[in-house]
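Here's the structure, in structure tokens; my notes come after.
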Amino acid sequence: MDNLPEHLVWEILSRIKKTSDRNNVSLACKRLYYLDNAQRHSLKVGCGMDPANEALTCLCTRFLNLSKVEITYSGWMSKLGKQLDDMGLFILANHCPLLFDLSLSYCTFITDVGLRYLASSSKLSSLRLNFTPRITGCGILSLVVGCKNLSRLHLIRCLNVSSVEWLEYLGKLGTLEDLSIKNCRAIGEGDLIKLGHGWQKLKRLQFEVDANYRYMKVYDRLSVDRWQKQHVPCENMLELSLVNCIISPGRGLACVLGKCKNLGKIHLDMCVGVRDFDIICLSERSRDLRSVSFRVPSDFSLSSLVNNNLRLTDESLKALAQNCSKLESVRISFSDGEFPSSSSFTLSGIYCLIRKCPVRHLALDHVYSFSDVGMEALCTAEHLESLELVRCQEISDEGLQLVSQFPRLCVLRLHKCLGISDDGLKPLVGSFKLDFLAVEDCPQVSERGVQGAAKFVSFRQDLSWMY
């Protein structure tokens, strides 16, 4: 190794991706040790650091070019030693001048003081906080004031973040491109208006309300007025994911749906109040849409949904088929319910999408309207490459046997389907049509029955979900 040119050794090290392999190589000789120190840009640590602050200091001193750091304490117990605290963030801020990406998960000892230390990291552009319960909105505000280049912010289960002045400041700063807020109980849909002109820069938004607190969220009068009067520019939005949100006509997030012009991917999961009108407007504006995912209630037991047209129907799917000629990924799912919905998406709407759009990936979950007739319709799906069927109980062996006639299908996933058995897979055995077949928790399908049905087969049987 001593006779190899520097650039060649550097290239060899750069091709080693696994952390354990790099650690082993760095112990081989001093030359590799020092080169690895200079080349190491990312670090992931957690429960193994004890004492935490001293260990982090050693690592930051050794790896001077760290730009990405992930600290996670998932599964931590007190016997594993004290967690990293605020002083740990002080160490990062002072020893890692190149730090631009930081992720903190289950760091329960870190408070707003630690975020104030981190505010001196001028290059920090990406921050992810997952279950950091002692951090509040004041701490996040102090950080965003100091970190002027913050373009990506993810907050997950930050239960004490209530004030949203930081969101208003980020809107004025105009640097945020990726915002994710999930299960932060004190932040509601109406708070997003505080982003103001920052909507214009935003490219990706994920907003998820804790399902247990969804119906406790209400709009205050001022928030409603601001949503209705303020222009929400969403021209640059590329991805939008909303989970357990209340979408009221003409206000709140409904304003966002109607103003996205370049959206490429949308995911709506159990969002109460979404109407066909919202999806029709979206399809007319975002004609480059490539991926849609809808998860809606199976049973409309809520009176607000029974008495109003606050639900999605085939009209939404037909509008997408008519206006979005690039749509290639479709996922439709119904949540668990005592009674399946008969008034929402049907085979007619799904077939319209398949017929008019170049759909390559189709996933159907708990869609009772999809039966053997639907499988027959897919025989004409010229672009379909991947099909996933979950809890589609109306499909029998007769419908499954039609898979051998699908023009381009190469990936098939079957989960918790009660009506299919080994007989449905027999036409595929030995045909080598499928590249990949996954069968999980289908009680009538055996491990022997899937053998030879694809080039690669995955089989799992756990029937506890049935009882």
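The values are calculated or read from the model by the stated rules, or taken from the named source; none is laboratory data. Just so you know, these numbers come straight off a predicted model, no measurement behind them. So basically every Cβ, Gly included, is an ideal-geometry build from the backbone, and we count neighbours across all protein chains shown. Keep in mind that these areas ignore ligands, DNA and RNA; they rest on the heavy atoms of the full protein, side chains included. Shrake-Rupley method; radii C 1.70, N 1.55, O 1.52, S 1.80 Å.
Select from the range 343-389 the residues that are touching a residue at least 40 places away in the same chain (Cβ under 8 Å) and among the polar types (S, T, N, Q) and write down the one among them that is farthest from D441 (Cα to Cα).
Per the criteria, the residue is S343.
Among the residues in the range 289-296, are any open to solvent by less than 50 Å² (accessible area, probe 1.4 Å), touching a Cys at 6+ places or on another chain (Cβ under 9 Å) and either of a type in the set (S, T, N, Q) or at pLDDT below 90 (or both)?
Yes, the range 289-296 contains a residue that is open to solvent by less than 50 Å² (accessible area, probe 1.4 Å), touching a Cys at 6+ places or on another chain (Cβ under 9 Å) and either of a type in the set (S, T, N, Q) or at pLDDT below 90 (or both).
Given the criterion out of contact with any Gly (no Cβ under 6 Å at 6 or more places or on another chain) and closer than 30 Å to S316 by Cβ, identify the matching residue among F459, F432, F406, F436.
The match here is F406.
Restricted to the range 33-89, and to residues that are touching a Ser or Thr at 6+ places or on another chain (Cβ under 6 Å) and without any contact (Cβ under 8 Å) to a residue 24 or more places away in the chain, which residue is least open to solvent (accessible area, probe 1.4 Å)?
Ranking the candidates gives D36 first.
Taking the range 10-32, which residues are basic (K, R) and surrounded by 15 or more Cβ atoms within 10 Å (Cβ to Cβ)? Break it down into steps so the answer makes sense when it comes.
Initial filter on the range 10-32 (basic (K, R)): 15, 17-18, 22, 30-31.
Answer for the range 10-32, where residues must be basic (K, R) and surrounded by 15 or more Cβ atoms within 10 Å (Cβ to Cβ): just R22.
Take the range 232-254 and flag every residue that is open to solvent by less than 10 Å² (accessible area, probe 1.4 Å) and within 16 Å of the chain's Cα centre (by Cα).
Scanning the range 232-254 gives M237, L240, L242, C245.
If a residue has to be in a loop (DSSP other than H, G, I, E, B), within 18 Å of N244 (Cβ to Cβ) and at pLDDT 85 or above to count, how many in the range 272-288 make the cut?
2
Considering only residues that are of a type in the set (G, A, S) and open to solvent by 10 Å² or more (accessible area, probe 1.4 Å), which ones fall in the range 255-275?
We begin by selecting, within the range 255-275, every residue of a type in the set (G, A, S); these are 258, 264, 273.
Scanning the range 255-275 gives G258, G264.
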